[in-house]
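The values are calculated or read from the model by the stated rules, or taken from the named source; none is laboratory data. All values derive from a computational prediction rather than experimental measurement. Here the Cβ positions follow ideal geometry from the backbone for every residue, glycine too, while neighbour counts run over all protein chains shown. Side chains are part of the model used for accessible areas, which takes the heavy atoms of the whole protein and leaves out ligands, DNA and RNA. Shrake-Rupley method; radii C 1.70, N 1.55, O 1.52, S 1.80 Å.
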Amino acid sequence: MIEYGTSGADREHRDRQASDGRRHDPATACPRRGTGRGAGRRLAGPAAAWLALAFLLAAIGGCAKYNTYFNAKRAFDNAERVRDEAIRKNQDPPKPVGQQKTDYETAIAKAQKVFDEYPGHNLTDDALFLRAKAYHRLESYRMSIQQFDLLFRNYPASEYLEESLYLQALNYLLLGAVDRSQDYLGQLGRAFPNSRWQAEVNRVSGDNALAMEEWESAAVAYRQYLDLGDKARDRDRVGLKLAECQWELKRYGQADTTLSEMLAKAAPGEVKFKAQLLRGRVLTRAGEFEKAGDVLGDLHESAAFFKAEGELALAEAELLAARGKDEDAAALLQAMPTEWQTPRVKALAADLLGYRLLEQKEYKEAYEQFKIALTMIKELEEPDRTRLINDQLRDYLAAELALADAKGERVPRLKLLEANAMLFGFDRPAVAAALYRAAATDSTADSLLAANALYGLWVTYQQHLDRPDSAALVAAELKQRYPRSPQAREVAAPGGGDLLDFLLVQREAEQKRNYAKLTNEERAALEKVPEIAVVGEGARQEVGMSVRRRMVYLSRRANVHYPPPEIVIPLGPHAAQMPTAPAAAEVAPAGVQATQPPQPAVGATSEPTPATSAVPAVPANVDSKGEPTAEQPPVVEEKPKPKKNRDANWDRLRTPAPGSRP
């Protein structure tokens, strides 16, 4: 038996002692006679204690790792129970708040502790998956994407890969990155063709198409998902989405069939209420008003329970308007309590009420309602139409207000704006025709305005009032009064003209007239294309055609020139041997040849030599006339201050003086 803590030499020495009937006592380091049982117990006591302590610490460490992950998993499961309960009741999973949110956050923190305190543990991929899924539940989709990316990169063969690919596709879908979502769905289909999540691929594909408002593709995907039978989970919710796609495609018969099949098996809940409400609207659009009234009439209690009274009121107002009871529909919408008016309900009610008021010719009130509706433009059924009518109402009301005080040429211009609003916004061609005729016959209207008015009158008669004879008379008048106008050309064309074609024809005619006015010399100069020599490769000359181009010259100031540095920056291993720059006093002024002192030979020592001058020195005790003077005290020369050790590159790095620039 090998005893830990002893070397091979010790074991060999102990075996020799055992053959003599002695046993080595590690406590006394000396041999002792006897059987060795007492000594054996003294040896085993400390060793066993240390060994037990080591095993205990290992067990505690291992238990701590698993216990940390267990706490994270338990917190996550507690949060999931709230979600599962909502799904069991056919309700939308609620957004995590309160204790559920706290449980998800606890799971994230505990899983992070596994990484921090036990790196490389075999539970690392479990903790990564738990964090990614918890972030997904908290709607922190970008954080969830990061965790899943770590899982894919570090554990490509993880047991959670199948579900992770599916959840990653959902993350990108909910962020609006539909292409990336489809990529992960494709990976899921290729890696796990028989996956239990494979059935969800059609559903997520339908959700992707629904988010992009591709109703046909979404409907096909949802139908394929429902055809899976028992493999398809949450059939009620998917059936409702399929009916919504059919509603958008205006296939009201198919939508009614889908909703009827779904409602026959749906459990009571919010999804069923939404399906019944949609079916009432589908029946209204299909013209089955009696059935629609029965369906909507049975939903008041459910609407109060789910706080959807406003949605039900909208559906009932739509039914009243379809039956021709516009006044009742407007009264219902105007009397809607404030607590029913969620932002969506308020916008849809304003949109519906605006159209009712427009039909009643209450333009100012309709304009106010359309402004409210446009605050939630994405919720509107026909947002482009509502925006167009809102713009037309704004122009019409402004023109009507300004027309009271307008004079001169402004009067027909304002009438033209009103006519455009009546024709293209309010669908009142008869009123528009009268306004167009008034603007065209106004004596203060210029040629452009009058031509536009006559053209609008022709469009009204030709396309809206179905009066071809009147349209022909207006066309003849337009061609007679303004024969060279674009409007005259359009009414003269068999199928209606095009403004671009008209402008191209006009430009061509103008070019022909200008060309006819040129002299023969001007024409020859214009048609002559000079040839210029172009230098080719080597010395060979090539003749090419010149290209006429417009040369554009830009004015710019002269380049800023800096004087060259007065020193040479030393580089390389011999930098210390380079001579320094001469002093500033040794630089000769401009125009004077500078004399350089003789330079010593390389390697010779240079001794300082006194400066010489051409002027003889004057004794200190003689004045300028040569007369002796009184003794003067000796002048004590100040010692020059030591120069600072300045970096040799300072002159190069400093900013040039203002006068140094050209």
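General remarks:
- A full extension of the chain between Asp149 and Glu105 corresponds to an added length of 13.9 nm, given 0.36 nm per residue minus the alpha carbon distance.
- Pairwise FRET efficiency - Ala199 versus Leu397, Cβ, R0 = 41 Å, nearest 0.05: 0.15
- Classified by the C-alpha gyration tensor, segment 68-223 has an oblate form. Its axis ratio a/c, with a ≥ b ≥ c, is 1.5 or above, and a/b does not exceed b/c.
- Surface accessible to a 1.4 Å probe, per residue, for the residues of segment 361-497, Å²: 54 Å²
- Over segment 64-148: Kirkwood hydrodynamic radius from C-alpha pairwise inverse distances, Å: 13.0 Å
- If you take all other residues with their beta carbon under 11 Å from the beta carbon of Phe426, and give Lys and Arg +1 and Asp and Glu -1, the sum is -1.
- Of the peptides 462-475, 105-118, 272-285, the ranking by mean beta-carbon count within 10 Å, highest at the top, reads 272-285, 105-118, 462-475.
- With Cα atoms as the point set, segment 440-490 shows a radius of gyration and Dmax of 10.3, 30 Å.
- Size descriptors for segment 416-470 (Cα atoms only): Rg and Dmax, in that order, 10.4, 30 Å.
- Of all accessible heavy-atom area on segment 305-387, the percent that carbon and sulfur account for (1.4 Å): 50 percent
- Each Cα pair of segment 315-459 feeds into the Kirkwood radius, which the Stokes-Einstein equation turns, at 10 °C and 1.306 mPa s, into a diffusion coefficient of 96 µm²/s.
- Size check on segment 398-498: the Cα extents along the three principal axes, sorted descending, read 41, 28, 22 Å.
- To put it simply, the accessible area of segment 187-284 at a 1.4 Å probe is 47 percent carbon and sulfur.
- Accessible area expressed per residue, segment 128-250, with surrounding protein chains retained (probe 1.4 Å, Å²): 47 Å²
- Here segment 294-381 yields Rg over Rh of 0.97, to two decimals, using C-alpha coordinates and the Kirkwood radius.
- Counting charges near Glu339 (Lys, Arg +1; Asp, Glu -1) among other residues having Cβ under 15 Å from its Cβ returns a value of +1.
- Flagged links, alpha-carbon separation over 21 Å, of Lys133/Lys307; Lys307/Lys371; Lys89/Lys272; Lys325/Lys378; Lys113/Lys133; Lys241/Lys274: Lys133/Lys307; Lys307/Lys371; Lys325/Lys378
- In segment 392-516, the portion of solvent-accessible area held by carbon and sulfur atoms comes to 53 percent [1.4 Å probe, whole percent, DNA, RNA and ligands not counted].
- ³J(HN,Hα), Karplus 6.51/-1.76/1.60, whole Hz, each residue of segment 216-228, x for Gly, Pro: 5, 5, 5, 5, 5, 5, 5, 5, 5, 5, 5, 6, 6
- Fully extended contour minus Cα-Cα distance, from Asp326 to Ala406, at 0.36 nm per residue: 25.2 nm
- Neighbourhood net charge (11 Å Cβ-Cβ; Lys/Arg +1, Asp/Glu -1) for Tyr135: +2
- Taking all pairs of distinct alpha-carbon atoms in segment 309-353, Kirkwood radius in angstrom: 10.1 Å
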